[in-house]
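Read the structure below first, then the notes.
FYI, it's all coordinate maths here, none of it is from the lab. On a predicted model such as this, the values are computed, not experimentally measured, just so you know. Cβ placement follows ideal geometry from the backbone for every residue including glycine, while neighbour counts extend to all protein chains displayed.
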Amino acid sequence: MQTIFNTIKTIALKIDHAIKTEDLGYSNTENSSGEEQLKLDVKSDYIVEQAFMEVSIVKALVSEEKEGILEINKNGKYTICYDPLDGSSLADVNLSVGSIFGIYEGGLKGENLVASAYIVYGPRIELMVATKKGKPLHYRAQGEEFNLIGEVSLDQKGKLNAPGGTQQNWSSSHKNFIDDLFAKGYRLRYSGGMVPDLHQILLKGGGLFSYPGTSDKPEGKLRQLFEVIPFALMYEQAGGKAINSNGVRLLELIPEHPHDTTPCFFGSDYEIEALKKAYGVKA
Ligand code: AHM
Ligand code: MG
C-alpha cells in the first residue's frame, strides 16, 4: 500500500506542474458523463495512468475521464478508482482543484474500499491519506518531499456550511434545513470544488458539505466510486459521518455502473444527525 501512496506523491508533483504550465483550454472530447474535457483533464488522466502502470500490486484503473475498467497488471490486488483533476473548470480562475483516489480490493463497492487519498493543488500542494485504521494523515509538499503535518480529527459540531447543487432545484426540506443552519450561525464556505471544500471542513474542525438530489439531478452529481466513497472514508476515520439522503452510510453503497452518482452529505456528528431529522430518516 505504501508503494501506492508514494506513487500518488509523484503524481501530485506532476499534475501540479501541468496545472501551472499547460494550456487551460478545451480538448474537443467528452468524458463518459458527457462533460466536455479540458486538455488538463486528459493530461492529468494520462499522468495517473502512466504512474500506476509501473506498480505491480495495482490490478486495474477506473477513471472519471474514461468509460471502462483498464486492466494493467493481471496479478495485481487493488483497483484504483480516481478523478484525476476534480473541479478542473476552476483552474482558469486560479481556484484550488484536486485529485481523488479510492483504493478497492475486490468488487467495486463501498465496503471493499481499503484506503483513500486526495491531493489539493492550492497555494501549496497538500495530501490526505486514510486507511481503515487510525485518523487520516495530512501532508504538505515542500519541494519534492511530503512532510507529515499530523492526524486530522473532526469536532462533534462545526461552524461551516458548504451547500452544493443549484438552489433553484433543491427540495423545500433541503432548503429549509440549509437556511436553518445559517440561522444558527453557520458560515458559508463554498468554492465549487469538492476537494478544497471538504478539505476546509476537515481541517477547520467540522460543519456540513452537501450535494443533494435536485429536481434536475435526482441522483446528485458526485460519482460514488471516484469522489463520494473515498471522501466517506476520510470523514468517518476523522470521527465524522457520511450518508446519502436515506441515511445510508456512503461506505455501504454498491454502484451498478462505475460512473453512478449519489446524493451525499459529509459532516461532523451534530450536522449529520440534524440532517437525518430534517430528511425524516430514522436514527
Ligand atoms: P468534476 O469532477 O467534473 O470536476 O465535477 C465535480 C465538481 C465538484 O468538485 C463540485 O463539488 C461540483 O462539481 C460542483 O458542481 P456544480 O457547480 O455543477 O454544482
Ligand atoms: Mg470530479
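Annotations
- Local electrostatic count at residue 107 - Lys and Arg +1, Asp and Glu -1, tallied over other residues with Cβ under 15 Å: -3
- Lysines with Cα under 17 Å of residue 217, excluding same-chain neighbours fewer than 8 positions away: 175
- Cα Rg, Dmax, the chain, angstrom units: 17.8, 55
- Reduced Cα scattering model of the range 1-146, Debye log10 I(q)/I(0), q = 0.10 Å⁻¹: -0.32
- Gaussian network model of the chain, Cα within-10 Å springs - most flexible of 182, 226, 266: 182
- Computed [θ] at 222 nm, deg cm²/dmol, the chain (DSSP H ≥ 4; -39,500 (n - 2.57); rounded to nearest 500): -8500 deg cm²/dmol
- The residue among 201, 228, 246 whose Cα reaches farthest toward the positive pole of the charge dipole of the range 160-279, with charges on the beta-carbon of Lys, Arg, Asp and Glu, is 201.
- Summary value for the chain: 16 percent relative contact order, contacts being C-alpha pairs under 8 angstrom separated by 6+ residues.
- Those aspartates and glutamates that a straight Cα-Cα span of less than 16 Å connects to residue 277, excepting residues fewer than 8 apart in one chain: 179, 180, 269
- Using θ = phi - 60° in the Karplus curve 6.51 cos²θ - 1.76 cosθ + 1.60, the 3J(HN,Hα) couplings for the range 42-49 round to 5, 5, 5, 4, 5, 4, 5, 4 Hz; x is entered for Gly and Pro.
- Largest GNM mean-square fluctuation among 220, 143, 87, using the chain with Cα springs under 10 Å: 143.
- Listed values for the range 162-177 are Karplus-derived 3J(HN,Hα) couplings in whole Hz (6.51 cos²θ - 1.76 cosθ + 1.60, θ = phi - 60°), namely 10, x, x, x, 7, 4, 4, 9, 6, 6, 5, 5, 5, 4, 4, 5, and x replaces Gly and Pro.
- Model label sites at residue 204 and residue 133, defined 7 Å from Cα along the beta-carbon direction, differ in position by 3.4 nm.
- Once backbone amide H atoms are built at 1.01 Å from N, residue 223 has 228 as its partners under 5 Å, excluding neighbours fewer than 5 places away on the same chain.
- The lysines within cross-link reach of residue 59, meaning a Cα-to-Cα straight distance under 21 Å and a gap of 8 or more places when in the same chain, are 9, 74, 77, 109, 132.
- The packing ranking, built from the mean of other Cβ atoms within 10 Å per residue, places the peptides 171-178, 231-238 in the order 231-238, 171-178, highest first.
- Largest mean-square fluctuation among 30, 49, 65, in a Gaussian network model of the chain whose springs join Cα atoms under 10 Å apart, belongs to 30.
- Here's how it looks for residue 115: its modeled amide H is under 5 Å from those of 103, which are all 5 or more places away or on a different chain.
- For the range 172-212 versus the range 1-43, the inter-centroid distance based on Cα atoms is 27 Å.
- Between helix 194-203 and the chain: long-axis angle, C-alpha atoms, 0 to 90°, nearest 10: 70 degrees
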